[in-house]
Amino acid sequence: MAERECMIGVIGGSGLYEIDGLERAEWVEVESPWGKPSDAILTGVLDGVKMAFLPRHGRGHVHSPTSVPYRANIDALKRLGVTDLFSISACGSFREEMAPGDFVIVDQFIDRTFAREKSFFGSGLVAHVSMAHPTCARLSEAARAAGEAAGVTVHMGGTYLAMEGPQFSTIAESRMYRESWGADVIGMTNMPEARLAREAELCYASVAMVTDYDSWHPEHGAVDISEIIATLSGNADKARGLVARLPALLGAARAPCPHQCDRALEYALLTAPEARDPALLARLDAVAGRVL
């Protein structure tokens with residue numbers, strides 16, 4: 001693959017609804033065959049690099065974790081030209097050292113969601129992509145460097161337990177996820193987002209912003225939504241500082257991903273060309289156009 005232009009995409013979670021300092025900023029409506037995205041997408045240029053920002057829950061926080069239109073969001077960002085995608089989301093922590101206000105650069109997931117469409121593919125075009133390493137190491141390193149430069153305490157690497165929600169965990173669940181399953185943080189939105197980003201051949205990094213200790217911690221007890229909201233405000237300021245430093249780290253020119261995230265579909269399609277569903281093929285024009 002030849003070098004091409006970089007476009008940084010950011011999916012902002014709870015508390016993060018914009019990017020500061022964008023030149024030529026414009027909210028763009030993107031039509032997707034997978035439905036209506038969470039919101040219009042804020043596009044612009046930052047330090048000479050194209051940017052696209054999508055509020056995951058919509059401005060005003062109108063989508064629950066289950067109702068977020070994950071397929072439409074990923075398709076719309078790919079359709080716009082995004083090459084490198086950063087997910088920023090709130091999470092609870094299962095580790096004493098991963099304290100509220102800290103950021104965790106996630107590198108593994110345990111998916112406990114059950115009420116969401118998890119793939120662009122299916123009957124009429126079967127595809128299997130590898131999720132062994134679900135995030136891009138190159139983008140994760142950029143997120144770490146940007147976070148530390150912004151003055152954030154950053155933990156490099158961690159396992160994210162994706163729960164369905166919208167309720168928080170029971171104490172029994174929280175202890176199981178922490179002690180038996182070895183998860184480090186818990187959230188409600190990174191799955192199936194990470195799976196879909198891989199199917200769309202987008203490099204993807206997950207920045208989890210710790211708001212609380214979930215319910216396992218004997219000194220903190222149940223999750224307090226008022227404390228979460230207070231921490232969210234400070235985390236959003238830190239996240240904007242992280243995002244502002246990404247263009248300088250990644251640059252405007254983009255070489256092929258050394259980890260082959262942008263070639264995830266190379267050998268993934270199993271359905272014979274003559275047996276493929278034309279209607280599904282049409283919906284996959286942005287997501288899988290490179291291999292179709």
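Where a number appears in this text, it was derived from the coordinates with a stated rule and is not lab data. Since we're looking at a predicted model, the values are computed, not measured. No Cβ is skipped: glycine too gets one built from the backbone with ideal geometry, and neighbour counts run over all protein chains shown.
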ask   = Along the charge dipole of region 236-292, Cβ charges K/R +1 and D/E -1, which of 250, 289, 261 sits furthest on the positive end?
value = 250
task = Would you grab the residues whose amide H sits under 5 Å from the one on residue 203? Only those 5+ places off in sequence or on another chain, please, with H modelled 1.01 Å from N.
result = 85
ask   = Label-point separation (nm) for residue 148 and residue 25, each offset 7 Å from Cα along Cα-to-Cβ?
value = 3.0 nm
ask   = If the chain between residue 274 and residue 292 were fully stretched, how many nm would it gain, using 0.36 nm times the residue separation less the Cα-Cα distance?
value = 5.2 nm
remark   = One would report the antiparallel percent of DSSP beta bridges in the chain, rounded to the nearest 5, as 40 percent
query = Ranked from highest to lowest mean number of other Cβ atoms within 10 Å per residue, what is the order of the peptides 132-144, 71-83?
reply = 71-83, 132-144
Distant-in-sequence amide H partners of residue 268 (H built 1.01 Å from N, under 5 Å) = none
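Give the percent of DSSP beta bridges with both residues in region 1-155 that are antiparallel, rounded to the nearest 5.
Here the share of antiparallel DSSP bridges comes out near 45 percent.
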query = Treating the beta-carbon of each Lys and Arg as +1 and of each Asp and Glu as -1, no other charges, what is the dipole magnitude of region 4-283 about its Cα centre, to the nearest 20 debye?
reply = 680 debye
Centroid-to-centroid separation of region 108-122 and region 144-177 [C-alpha atoms, Å] = 18 Å
ask   = Once you charge only the Cβ atoms, +1 for Lys and Arg and -1 for Asp and Glu, what is the size of the charge dipole of region 58-187 about its Cα centre, to the nearest 20 debye?
value = 460 debye
key: Length released on extending from residue 233 to residue 137, taking residue separation times 0.36 nm less the Cα-Cα span   = 31.8 nm
note = Of the residues 205, 218, 119, the Cα lying farthest along the dipole of region 4-283 towards its positive end, which is defined by charges on the beta carbon of Lys, Arg, Asp and Glu, belongs to 119
note = The answer for the chain, counting only DSSP H helices whose Cα atoms cover 30 angstrom or more along the axis and whose Kyte-Doolittle average is 0.0 or greater, is 225-250
inquiry  = Given a Förster distance of 30 Å, report the FRET efficiency between residue 66 and residue 3 from their Cβ-Cβ distance, rounded to the nearest 0.05.
reply    = 0.15
Close Lys-Lys pairs in region 4-283, where close means Cα under 24 Å and separation is 8 or more or interchain = 6
